[in-house]
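To keep things clear, I will list the structure first and then write my remarks on it.
The values are calculated or read from the model by the stated rules, or taken from the named source; none is laboratory data. No experiment lies behind these values; they were computed from the predicted model shown. Here the Cβ positions follow ideal geometry from the backbone for every residue, glycine too, while neighbour counts run over all protein chains shown. These accessible areas exclude ligands, DNA and RNA; they are computed on the full protein's heavy atoms, side chains included. Shrake-Rupley method; radii C 1.70, N 1.55, O 1.52, S 1.80 Å.
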Amino acid sequence: MTCRFWTSAVLVVLAAAAAYRVLVPPPAEFAHTPLLDEYDYVVVGGGSAGAVAAARLAEGAPDARVLLLEAGPSDSAMMEVAIPAGCSLLQRTKLDWQFTTQPQAASHGSMHERRSRWPRGKTLGGSSSINYMVYVRGAQDDYDKLWGVSGWSFADVLPFFRKSENYVARPLAANETHRATGGPLTVSKPQTSSPLVDAFIASGKALGLARNEDYNGAGGMMGIAHCDLTIKDGVRASSAAAFLRPALARAAAASASGVFHVRTFAHVTRVVTETDAASGKVRAVGVEFADTADSDGVASEDSPRRVVRATTEVVLSAGAVGSPHVLMLSGIGPEDVLAAAGIETVVDLPGVGRNLRDHLMVPVRFPTKDKASGHLITKKRAESLTTLLKYLVFSGGLLTTNGLEGTAFYSTGTSDHLPASVPDVQIHMIATGGSDVEAANIGTKPEFVAQGVIDDPDRWQAGGINFLPIILHPKSRGAITLNSSSPFDPPLIQPNYLAEQADVDLLVAAVHDTLKLAADEAYAEWIDASSPTTSPLYESAPDGAAAGVSYWEWHVRNFAVTVYHPVGTAKMGEPGAAGTVVDPQLRVVGVDGLRVADASIMPTLISGNTNAPCIMIGERVADFILSSLQGR
Ligand SMILES: Cc1cc2nc3c(=O)[nH]c(=O)nc-3n(C[C@H](O)[C@H](O)[C@H](O)COP(=O)(O)OP(=O)(O)OC[C@H]3O[C@@H](n4cnc5c(N)ncnc54)[C@H](O)[C@@H]3O)c2cc1C
């Protein structure tokens, strides 16, 4: 009986692997798409926003010629993209740009050269193909008050969130105002249910937080809940999976005269502009890219270059790092930055690369009692045959989890730059080993091991409950500038984390809040309060103590890491206002035929994870363009 079971199990796995190879296209997919010399629309970057923009343009203008250029390979290059639990395995792979920041003066003390690793998706779907799939739209006043841009109030953006959405977590009432079904992007709740996440939600009472499962709904976002996730039937719903592939299939089946082309391994090196001699007006007329299909995505000065013309518009959706980089390489940016890199200025636009904002979190970990081990997300459990079979046969089980299953949003009431309606803290909870959270980001300094601060590196890999308190609206600002004029030289990323003391104080306050959650009765049966490694993890704060800094401030300045949400580097605003790069229709100021649509246009961070608003921005740019065609 046992033998028969194992034989069948192995057969199922082999069959599934074979089916995967047959059904899922090879990694070189889209690498050699034959191209026209010119298109009506060229979209640069097939990420959260770009894939949506291109798909909607192809769908809304079926007779147009639409081209999407993506620097990375297809998202089918790694099967871990589709499997939610594979999300922690995608960083530092060929699907990741693998940026690192400049050294941080006020933070990242424990990290190699005080730098932060900055993963960004380099594949179809962009960062939505490597992210943790948490779906958050933000607070109404993020749009109404913090953004404050005409045409971008919450009432203006809500229809576009709804247009995308297929919400499957509960049946929708007929008078539903905020959620929607029938859109391409499935939003669901976790399929697995863990008592450790239930304990997290129950512990919210320690902070006065009520359960609020519909935090993207009409009741607002404050409270504590299971996460909404962009996962469809156990498979990641990236913008490539949800929007791009269906649109390509529809375009292929349609009899319209238009074309919809996607080309991967196309590293765009600049937007090609022409300046009218008489009027001095600058217009985007195409893009130049390096073809890296034959060098497995590795771009260099030796890569063959090609120009495609855009007769109507170029849409730049290369993300909060890529878009300002490409703009500056094209001579559009702050004159001093361009001059320092030896790039001739086409349009002096001082806001390009400025206003960089990012969310910052600090892991606080609590060892668990033995009885929790069966509920922790561990490598061993994830790789077991039972788990694999559950996934292959039922699209269920542990492989459908993103790890980040619980979240809380609240206002501490201490942020003087925010209305009280906007949360200033988010807390995520992960019940797993330390490796996902910390090792992915922290290159721990050897001297910390020597000093006994990290006395046992294995402890970082041990299982436990991690709280991830996040500051949602930090006051510290950074910038993206140029290292050189080479498009293959990563730009300089300077987030200036924790430059403002108010950000440190808020993060420390949020850490104290996690201590209250951990001390709540809901966790009594799970957290091992007697363990010597119970937080504070390290009993001393060597360098911090000398400077008279509190233990938790020291912890924050050493161990806080990015939440991967950079925004703001091509800020949307009224033309002429200081720092504006794009107008409310996302048109680049001073350049005709060029729009930017991605995280970089956000004037401020939103109160939560940034993928949902990027998808909304992709919807909006397509709508602006299609509306202009119809004279709306
Ligand atoms: C590891 C990680 C985890 C995250 N987790 C979450 C989460 O759980 N929930 C959430 O809401 N948000 C999350 N985020 C953030 C969210 O995914 C991003 O904010 C969002 O995807 C950004 O969308 P975008 O369109 O601005 O850029 P991206 O999605 O990054 O797309 C930019 C695209 O442009 C391409 N590109 C860049 N430069 C060029 C060039 N020169 N030529 C051609 N192509 C180029 C890139 O390869 C990429 O495909 C996470 C991000 C990361 C990296």
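Can you list which of the chymotrypsin sites (Phe, Trp or Tyr not before Pro) found in the range 213-321 are DSSP loop residues with at most 11 other C-beta atoms within 10 Å?
Sparse-neighbourhood loop chymotrypsin sites (Phe, Trp or Tyr not before Pro): none present.
About the Cα centre of the range 56-134, how large is the charge dipole given +1 on each Lys and Arg Cβ and -1 on each Asp and Glu Cβ? Please answer in debye to the nearest 20. Intermediate results must be reported in sequence, preceding the final value.
Numbers: 9 positive and 7 negative charges, 71 e Å.
So the magnitude is around 340 debye.
Taking K and R as +1 and D and E as -1, what net charge do the other residues with C-beta under 12 Å from the C-beta of Gln102 add up to?
+1
Using DSSP to call loops (not H, G, I, E or B), can you name the trypsin sites (Lys or Arg not before Pro) in the range 280-325 whose Cβ has at most 15 other Cβ atoms within 10 angstrom?
Qualifying residues, ordered by number: Lys281.
Based on the alpha-carbon gyration tensor of the range 328-372 and its eigenvalue square roots a ≥ b ≥ c, which shape applies: rounded if a/c is under 1.5, prolate if not and a/b is larger than b/c, or oblate?
prolate
Round to the nearest 10 and give me the degree value, 0 to 90, for the angle of helix 501-519's Cα axis relative to the longest principal axis of the chain.
40 degrees
Radius of gyration and Dmax for the range 100-252's Cα atoms, expressed in Å?
Final numbers for Rg and Dmax: 18.4, 56 Å.
In debye, nearest 20, what is the charge dipole magnitude of the range 126-209 about its Cα centre with +1 on Lys and Arg Cβ and -1 on Asp and Glu Cβ, if you could check?
180 debye
So for the chain, what percent of the C-alpha to C-alpha distances run longer than 34 Å?
Summing the P(r) tail past 34 Å for the chain gives 41 percent.
Please label the shape of the range 39-150 as rounded, prolate or oblate, based on the square roots a ≥ b ≥ c of the eigenvalues of the alpha-carbon gyration tensor (a/c under 1.5 means rounded; beyond that, a/b larger than b/c means prolate, else oblate). The partial results should precede the final answer.
On the way: a/c = 1.97, a/b = 1.33, b/c = 1.49.
It is oblate, given that a/c is not under 1.5 and a/b is not larger than b/c.
Could you pull out the longest piece of the chain with no exposed loop GluC sites (Glu not before Pro) in it, calling a site exposed if DSSP puts it outside H, G, I, E, B and it has at most 16 other Cβ atoms within 10 Å?
Values: sites that count: Glu176, Glu301, Glu344, Glu383, Glu500, Glu525, Glu539.
The reported range is 1-175.
Whenever you get a sec, compute what percent of the accessible area on the chain sits on carbon and sulfur atoms (1.4 Å probe).
55 percent
Using only the alpha-carbon atoms of the range 249-308, report the extent along each of the three principal axes, biggest first, to the nearest angstrom.
That works out to 45, 36, 11 Å along the principal axes.
On a straight-distance basis, which aspartates and glutamates could pair with Lys205 in a cross-link, Cα separation under 12 angstrom, same-chain partners fewer than 8 positions away excluded?
List returned: Asp513, Asp520, Glu521.
Would you calculate the separation in nanometres between label points at His417 and Ser530, each defined as 7 Å from the Cα along the Cα-to-beta-carbon direction?
4.7 nm
Give me the dipole magnitude in Debye, nearest 20, for the chain about the Cα centre, with unit charges on the beta carbon: positive for Lys and Arg, negative for Asp and Glu.
Taking the Cα centre of the chain as origin, the dipole is about 1280 debye.
How high is the FRET efficiency between Ala210 and Ser257 when r is their beta carbon distance and R₀ equals 51 Å, given to the nearest 0.05? Before the final figure, lay out each step's value.
Values: r = 55 Å, r/R0 = 1.08.
Given R0 = 51 Å and the Cβ-Cβ separation, E is 0.40.
Out of Gly631, Thr275, Tyr564, whose Cα points farthest toward the positive end of the dipole of the chain (charges: +1 Lys, Arg; -1 Asp, Glu; placed on Cβ)?
Selected residue: Gly631.
Helix 611-629: angle to the longest alpha-carbon principal axis of the chain, degrees 0 to 90, nearest 10?
Compared with the principal axis, the helix lies near 20 degrees.
Return the Rg/Rh ratio of the range 56-111 with Cα-based radii and a Kirkwood Rh.
With Rh from the inverse mean 1/r over Cα pairs, Rg/Rh is 1.19.
Between Val168 and Ala278, what FRET efficiency follows from the Cβ-Cβ distance if R0 is 45 Å, with the result rounded to 0.05? Show your work: numbers first, answer last.
Working: r = 56 Å, r/R0 = 1.25.
Efficiency computed from Cβ-Cβ geometry: 0.20.
So what's the angle, to the nearest 10 degrees on a 0 to 90 scale, between helix 48-60 and the longest Cα principal axis of the chain?
Around 40 degrees separate the two axes.
For Ala28 and Arg92 in one chain, what is 0.36 nm times their gap in residues minus the Cα-Cα distance, to one decimal in nm?
Extra length from Ala28 to Arg92 when fully extended: 21.1 nm.
Give me the accessible area per residue for the chain, probe 1.4 Å, as a whole number in Å².
Heavy-atom accessible area per residue stands at 37 Å².
Do any of Lys145/Lys571; Lys189/Lys371; Lys232/Lys380; Lys94/Lys122; Lys163/Lys232; Lys163/Lys571 go past 19 Å between their Cα atoms, and which?
Long pairs (Cα-Cα over 19 Å): Lys189/Lys371; Lys232/Lys380; Lys163/Lys571.
In whole angstrom, how far apart do the alpha carbon centroids of the range 573-590 and the range 205-250 sit?
31 Å
Report the calculated FRET efficiency for Ser628 and Ser486 (r = Cβ-Cβ distance, R0 = 41 Å), to the nearest 0.05.
0.70
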